[in-house]
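Below: one structure, written as structure tokens.
The values are calculated or read from the model by the stated rules, or taken from the named source; none is laboratory data. Computed from a predicted structure; not experimentally measured. So basically every Cβ, Gly included, is an ideal-geometry build from the backbone, and we count neighbours across all protein chains shown. Areas reflect the complete protein model, heavy atoms only, side chains present, ligands, DNA and RNA absent. Shrake-Rupley method; radii C 1.70, N 1.55, O 1.52, S 1.80 Å.
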Amino acid sequence: MNKYFDFSIDAASTLMPTTSNEKWQNVDEGGLIQENKFDSVQSDLKFLLQYKFNNNHRLAIGPNHNLFSMKRHTYSYDGQPLTGENYGLSQEDVAILNMMFGYIYEYAPFSNDGMRIKLGALYGKPIWNKATNTAAKEIEFSSTKGFTADIDGYVGFELMKGLEAGFFGRYSLKKKTDPDAISSSTDIIWPENELETFRYGVSFVWNFDVK
């Protein structure tokens, strides 16, 4: 944008559902009470305004919208399958709007006649949330307790003047703290939970400023 500010738009989306494992624990007793598998898709959109102390060191702040959808199935306890009406296929959707802030380091501009390194660490607090589950369609949770943390790394190499190829990785931790109940008269609770996601891949970058 100018000498002191840049902005970035980062978007990521699942192309095909990913199957993962989920574990449920009793907080009071500390024991494992259920395991299951889930198929998940998610999209993540982040707008960041970056204040440049210089071209390498930046302070970033901006909104992040994350949509996470999961279908639970294949329930078990202590290695034995769990069956019955409470263990059928269910879908849970969680949409979160976070306000993120953190630090970004860039070794050099894109395609700079050599290797380029980029590192970032961001922390976010939810400012809006909506969670629903097909097992209780009439209920909606909107807790903003918890946090999101992202750690990014990237290493790129110039293939030709203006074109760079690189390897990237991102670790994300989303944690919801404190269980939430609809009211004191119900036993439907959205418990404490945390979700870890690791993305990695190859990217190609064109630098439009290179002539």
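How do the strands (runs of 3 or more DSSP E) wholly within region 122-211 filter down when requiring 2 or more residues that are in contact with an Asp or Glu (Cβ under 6 Å, 6 or more places away or on another chain) and under 20 Å from residue 41 (Cα atoms): which remain? Break it down stepwise before answering.
Numbers: elements: 147-160, 163-176, 193-206.
Because the criterion is at least 2 residues that are in contact with an Asp or Glu (Cβ under 6 Å, 6 or more places away or on another chain) and under 20 Å from residue 41 (Cα atoms), the strands (runs of 3 or more DSSP E) in region 122-211 that meet it are 163-176.
Based on what the data block shows, is residue 67 in a strand (DSSP E or B), exposed (fewer than 15 other Cβ atoms within 10 Å of the Cβ) and of a type in the set (A, V, I, L, M)?
Against the criterion (in a strand (DSSP E or B), exposed (fewer than 15 other Cβ atoms within 10 Å of the Cβ) and of a type in the set (A, V, I, L, M)), residue 67 does not qualify.
Across region 42-79, what is the number of residues that are polar (S, T, N, Q) and without any contact (Cβ under 8 Å) to a residue 40 or more places away in the chain?
Final tally of qualifying residues: 4.
Do we have residue 112 as at pLDDT below 95, polar (S, T, N, Q) and either within 30 Å of residue 153 (Cβ to Cβ) or surrounded by 18 or more Cβ atoms within 10 Å (Cβ to Cβ) (or both) here?
Yes; evaluated as a whole, the condition is true for this residue.
Exactly one of these conditions fails for residue 147: (1) surrounded by 14 or more Cβ atoms within 10 Å (Cβ to Cβ); (2) at pLDDT below 95; (3) not charged (D, E, K, R). Give me its number.
For residue 147, the exception is condition (2).
Here's the yes/no breakdown for (1) among the small types (Gly, Ala, Ser); (2) surrounded by 18 or more Cβ atoms within 10 Å (Cβ to Cβ); (3) closer than 28 Å to residue 106 by Cα:
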| residue | (1), (2), (3) |
| --- | --- |
| 128 | no, no, no |
| 158 | no, yes, yes |
| 167 | no, no, yes |
| 171 | no, no, yes |
| 178 | no, no, no |
| 188 | no, no, no |
| 200 | no, no, yes |
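Filter region 1-56 for residues that are of a type in the set (Val, Ile, Thr) and part of a loop (DSSP other than H, G, I, E, B); which is least open to solvent (accessible area, probe 1.4 Å)?
Among those residues, the one meeting the criterion is 14.
So is residue 102 within 27 Å of residue 198 (Cβ to Cβ) and not charged (D, E, K, R) or not?
yes
I'm told residue 133 meets every condition in (1) surrounded by 15 or more Cβ atoms within 10 Å (Cβ to Cβ); (2) at pLDDT 95 or above; (3) not β-branched (Val, Ile, Thr) except one. Can you identify the failing condition by its number?
Result: residue 133 fails condition (2) only.
May I ask you to say which residue of 122, 67 is under 20 Å from residue 13 (Cα atoms), touching a Gly at 6+ places or on another chain (Cβ under 6 Å) and modelled with pLDDT of 95 or more?
Being under 20 Å from residue 13 (Cα atoms), touching a Gly at 6+ places or on another chain (Cβ under 6 Å) and modelled with pLDDT of 95 or more holds for just one of 122, 67, which is 122.
Looking at region 98-107, is at least one residue open to solvent by 40 Å² or more (accessible area, probe 1.4 Å), of a type in the set (D, E, K, R) and at pLDDT below 95?
Looking through region 98-107, none of the residues is open to solvent by 40 Å² or more (accessible area, probe 1.4 Å), of a type in the set (D, E, K, R) and at pLDDT below 95.
Need pairs with beta-carbon distance below 8 Å; first residue without any contact (Cβ under 8 Å) to a residue 24 or more places away in the chain and within region 1-17, second assigned to a strand (DSSP E or B) and among the aromatic types (Phe, Trp, Tyr); sequence gap 6+ or separate chains.
1/7
Looking at region 78-97, which of its residues are open to solvent by 80 Å² or more (accessible area, probe 1.4 Å), of a type in the set (Asp, Glu) and on the phi < 0 side of the Ramachandran plot?
Scanning region 78-97 gives a single hit, 85.
Being modelled with pLDDT of 90 or more and charged (D, E, K, R) is the filter here, so list the residues in region 159-193 that pass it.
Selection gives 164, 170, 174, 175, 176.
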